[in-house]
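Accompanying notes for the structure given below.
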Amino acid sequence: MPRRAVVVGAGLAGLLAAAALSVHTDEVIVLDRDELPEGPEHRKGLPQGRHAHLLMSGGLAAMEDLVPGASMRERLLAAGAHEISLSSGMLALTPEGWLRRWRHEGPRMLTCSRALLDWVVREAVLAGTKTEIRRAQGLELLGDAHRVTGVLISTDAGRKELDADFVVDASGRGSRVVRWLDALGVTGVEERIVDSGLVNATRIYQRPEGAQHFPLTILQADPYAKRPGRAGMVLPIEGDRWMVSLAGTRGAEPPADPDGFLQYIRDLPDPILGRLVSGAEPLTDVHTSRSTQNVRRYLEKVRDWPDRLVVLGDALATFNPAYGQGMSVAALGAQVLSRELETEGFTAPGLAAKVQRGVAGPVEGAWAMAVGQDIWYPETRGPEPTGADRLITRYSRRLLKTATGSYPAAAALASVTSMEANASTLMRPGTLLAAANGPLLPPLSGPPLTRAERETLAGLERC
């Protein structure tokens, strides 16, 4: 009999899951309640869609593995995305000081608008797999506590049951999977929420003439200063544009009006972003979003997980977007699904539970990075830091301080940030020794600009 898989959600996680499933099924139906745009346009179902997104090399490698046909990297670069080295291609002020720009090659990331990335991935999956997207909303799961057999959906024509041999919930931050599971008799799902109250505010600018080679510039928030965090970023996106994205935790939220937006930039810990923006022409209004809390559903701990159901992406865990991990976690989760399908077989008993446990690996790494910092902001809502949290934070700060003046420490952090390696890399003997020795070079007094970049910056201020 023909095999059908149903994926709830046509975002990044859902389409990559569809790519993984298409190798093993006769039909993959992806459901989404939004009318999807025909090009790289924003859609309302992505509350963070207008803000900064970074595709780390670990996530890109997973996409390359999942999506057939032309390289995803080549597709994105051809569409206007920018490739940036974490070692040498950006200016970054961390809570422990400015990072150096090392000459060594290291992990890279891609920057572009989220609308462009989603469109490129969607086009590649639809062109290379037997995947169909239907406009419909998932209402509940069909089946029982032992096995899921489909999805009850709502369409313009009314409600109907859509049978499936496999179901993936990739419906994003608004997922109702806990309620759906409860209706099947699967109860006791553990959830954790850590909310720093972060607000994002973003505006697109025309990149000034002569600034095409100016590096991505980021001023990170300081979670250890015992005051609300403030951050800002200028990153290149397609169309010769800059995305200027601000972020502030509860008590230091960036405003949505243009004058307040500019003043917030000027009040950041270093003047470089204000100097950059002073020579750039705004192209859009300021867009804000408050959908930034960290939420984790520990589905891998459910004792008797129903067969033929997997939960991926933001439906499983959402992270403060300031850390740039969400898209890569979604891609790595879909890659886990693909590998287990290949190894175990589509109908193997316990396959879904094994996938759910495997997906918890990349989720845990991203969760530790996001929550390990967010818990220290003074107005964060969530569990109090534990003794273990304090110990981990002491080491993390020591390692970050070391990375400002030690290439081995900087390389280890870059490999974990890029999701090419898991967090255990930071506990290897060489990294521990580097952290113990501390930075080998003195701290930088300002951003590590080249002569040409200093001239560009000076020219922008005269505009």
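Those helices (runs of 4 or more DSSP H) of region 1-104 in which 3 or more residues are out of contact with any helix residue (DSSP H, G or I) (no Cβ under 8 Å at 6 or more places or on another chain) occupy 72-78. How many residues does region 251-296 hold that are basic (K, R) and more than 20 Å from Q48 (Cα to Cα)? So the answer is 2. Applying the set (1) touching a residue at least 12 places away in the same chain (Cβ under 8 Å); (2) closer than 17 Å to W98 by Cα to N437 leaves exactly one unmet item: (2). Could you check, for region 368-386, whether at least one of its residues is more than 21 Å from the chain's Cα centre (by Cα) and either of a type in the set (S, T, N, Q) or over 30 Å from T94 (Cα atoms) (or both)? Yes, the conditions are met somewhere in region 368-386.
Consider region 300-350 and keep the residues that are surrounded by 24 or more Cβ atoms within 10 Å (Cβ to Cβ) and among the β-branched types (V, I, T). The one that is nearest to V23 (Cα to Cα) is V310. In the set L399, L457, L441, only one residue is aliphatic (A, V, I, L, M) and in contact with a Lys or Arg (Cβ under 6 Å, 6 or more places away or on another chain); that residue is L457. Close contacts from region 83-96, counting a first residue that is free of Cβ contacts under 8 Å to residues at least 60 places away in the same chain and a second that is hydrophobic (A, V, I, L, M, F, W, C) and buried (at least 20 other Cβ atoms within 10 Å of the Cβ), with Cβ to Cβ under 7 Å and a gap of 6+ residues or different chains, come to E83/L110. When you scan region 194-216, do you find a residue that is surrounded by 21 or more Cβ atoms within 10 Å (Cβ to Cβ), of a type in the set (S, T, N, Q), farther than 28 Å from G382 by Cα and touching a strand residue (DSSP E or B) at 6+ places or on another chain (Cβ under 8 Å), even just one? There is no residue in region 194-216 that is surrounded by 21 or more Cβ atoms within 10 Å (Cβ to Cβ), of a type in the set (S, T, N, Q), farther than 28 Å from G382 by Cα and touching a strand residue (DSSP E or B) at 6+ places or on another chain (Cβ under 8 Å).
Among M369, M427, which is the only one that is on the phi < 0 side of the Ramachandran plot and without any contact (Cβ under 8 Å) to a residue 24 or more places away in the chain?
Just one listed residue meets the conditions, M427.
Determine, yes or no, whether R297 is assigned by TED's automatic domain parsing to the domain that holds F346, in contact with a Phe, Trp or Tyr (Cβ under 6 Å, 6 or more places away or on another chain), among the basic types (K, R) and buried (at least 20 other Cβ atoms within 10 Å of the Cβ).
For R297, the condition - assigned by TED's automatic domain parsing to the domain that holds F346, in contact with a Phe, Trp or Tyr (Cβ under 6 Å, 6 or more places away or on another chain), among the basic types (K, R) and buried (at least 20 other Cβ atoms within 10 Å of the Cβ) - is not met.
Of all positions in region 57-69, none carries a residue that is under 17 Å from M419 (Cβ atoms), surrounded by fewer than 20 Cβ atoms within 10 Å (Cβ to Cβ) and among the polar types (S, T, N, Q). Could you pull out every one of the strands (runs of 3 or more DSSP E) wholly within region 185-250 that has 2 or more residues that are β-branched (V, I, T) and either within 18 Å of R50 (Cβ to Cβ) or in contact with a Leu (Cβ under 9 Å, 6 or more places away or on another chain) (or both)? It comes to 199-206, 216-219, 230-237.
Could you tell me whether A368 is touching a Phe, Trp or Tyr at 6+ places or on another chain (Cβ under 8 Å) and assigned to a helix (DSSP H, G or I)? The answer is no for A368. Residues in region 310-347 that are closer than 24 Å to R50 by Cα and assigned to a loop (DSSP other than H, G, I, E, B): 6 in all.
The values are calculated or read from the model by the stated rules, or taken from the named source; none is laboratory data. All values derive from a computational prediction rather than experimental measurement. As a convention, Cβ positions derive from the backbone with ideal geometry for all residues, glycine included, and neighbour counts pool all protein chains shown.
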